[in-house]
1. Test of the criteria: in the stretch 102-150, which chymotrypsin sites (Phe, Trp or Tyr not before Pro) are in a DSSP loop and have at most 12 other Cβ atoms within 10 angstrom of their Cβ?
2. State, to one decimal in nm, how far the label point of MET63 lies from the label point of ASP525, with both points 7 Å from Cα in the Cβ direction.
3. List the aspartates and glutamates whose Cα lies under 17 Å from the Cα of LYS471, skipping any in the same chain that are fewer than 8 positions away.
4. Can you give the relative contact order of the chain as a percent, counting alpha carbon pairs under 8 Å and 6+ residues apart?
5. If you line up the long axis of helix 299-312 against the longest principal axis of the chain, both from Cα atoms, how many degrees apart are they, to the nearest 10?
6. What are the trypsin sites (Lys or Arg not before Pro) within the stretch 158-223 that DSSP puts in a loop, where the Cβ has at most 14 other Cβ atoms within 10 Å?
7. With a 1.4 Å probe and every protein chain kept in, tell me what percent of the accessible surface of the stretch 42-107 is carbon plus sulfur.
8. Taking a quarter of the surface of the convex hull around the Cα atoms of the chain, what do you get in nm²?
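The values are calculated or read from the model by the stated rules, or taken from the named source; none is laboratory data. Nothing here was measured: the structure is a model prediction, and the numbers come from that model. With ideal geometry, Cβ positions are generated from the backbone for all residues, glycine too; neighbour counts draw on all protein chains shown. These accessible areas exclude ligands, DNA and RNA; they are computed on the full protein's heavy atoms, side chains included. Shrake-Rupley method; radii C 1.70, N 1.55, O 1.52, S 1.80 Å.
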Amino acid sequence: MREMSCRYTLLFYILLIISNIPHGLQKKVTVSIQSVTTIAKTDYNFICATLDWWPPEKCNYNMCPWGNSSILNLDLNNTILNNAIKAFSSLRIRLGGSLQDQVTYKVGKNSPPCNRFIKLKKPEEGLFGFSTGCLDIPRWDELNVILSRAGAVLTFGLNALYGRRKTTSNGLYNGDWNSQNARELINYTVSKNYMIDSWEFGNELSGSGIGARVEADQYGKDLISLKALIDELYQKSSSKPKILAPGGFYDQAWFNKMLQTSGPDVVNGVTHHIYNLGGGDDKGIIQKILDPYYLYYIVQTFKNVALTIKNFGPWSSSWVGEAGGAYNSGAKDVSNTFVNSFWYLDQLGIASVFGSKVYCRQALIGGNYALLNTTTFEPNPDYYSALLWSKLMGPEVLQTTHNGSPYLRAYTHCSKNKAGVTLLLINLSNSTTFKISVENDMNLYPPQQRKLSASAMVEKGEREEYRLVPKDGKLQSRVVLLNGQQLQLTGSRDIPEINPFVPGHRSRAKVQISPLTIVFVRFKDFRAPACPIKN
């Protein structure tokens, strides 16, 4: 009897120990997709990446992470680079950055001297501590021919300080923009039939500026001059490039004034920059990335930009012209690792919801926030996140809500070039697994008038899943697994195939997403009247 009692006591303690071992939480969530109307529409080439002017001497925090990734010295014939661009079919690339307002163009009879960027002994004598630099015609030819052959859609940032003079210690530049050097470059570009999708005017000169600034009314007048120049030089062309401005951080009064001064049909894309994670040396960046409340802080900026365009430039549209998360070249061992995709994909989702047409990631290559490794050119995790978005998420944005935790982020678009819809789920929680039911909400009434539900749980049917996790569960890994398989270049240095997992039970009503996981889910038979009909 005593022996039996001991056994029961031992069993009790075993059960007690087991019951106190922490188990992952599971929470049931219903995701509702409003399928009758869209809430926004992105450009078909929504995904964009930048190439910058920074020379190898560009350093931050005792690191110099740019190497030979500049517009002027990048090996454009690199096989991996070309394959990485081609994988998108039509990747938008913005050529521009901090030093663009110090770049002259070696073209025409009276072109200025052509010098390379030099780090100055007296930093105050040049913007960001560098001298002026130069783009010559052989390099311009090479950029256009090779990038276009790879399928890139090109935006080029013009020097908007040319001809002005600095008049104050706080970086204010006065005087009219001298358009002659830009005229020579654009005229040559037209003569060669190079396809430039858009010309952007200046970089970070808005508001208080970054290094330099121009008043909004002066900037608006110069945009009118640029518009006249574009109209003149492209008058015989079958297509006319867009004008983008101002390529800077959002300042409400300045942006409003710029659009008022330049007037209707001058600015086609209002470009603003985002670096909402702070400096690249911030030790708390990972905590920011995984904090849903912190991620929400940027939402007001998106809303304000949309209101500025609605009230002062309805002929225009919102573009995120440059966004790298952490400024000053990004955060080492964060910006180029898996954890950054939580921030990046959430940004793409928020930008889409608020009507942004394009989102340009800083950078395609160069710095710590590059999509491609600056030395080896191999893709970092965010490259694959961008590629998946580009392949799966169509332009049409659908309102998506759920009754779960803010740590679960959900965004839905009509599937790109295919039937159905694609739902992006991001689980920021490190402990909760979400078991998700998907609801097709076809109610036409505004929320405050709803009495009867026109919602229905999604019927059974086939779905495709693209599930992303870091190798070995390490958030700062540079290796990403897709449906359990490591994504890596092929033997011929090609981007690997992006293939889905199709659940065998063929029930799309339940999707499970584990902690710290990202998953794209394409519901092939989801009936959404707002989506284009596709076979």
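1. Here no loop site has a sparse enough neighbourhood.
2. Here the modelled spin labels are 4.9 nm apart.
3. ASP333, GLU378, ASP382
4. Worked out over the chain, it gives 18 percent.
5. Between the helix axis and the principal axis of the chain, the angle is about 50 degrees.
6. LYS192
7. Percent of accessible area from carbon and sulfur atoms in the stretch 42-107: 45.
8. Orientation-averaged projected area of the Cα hull: 31.4 nm².
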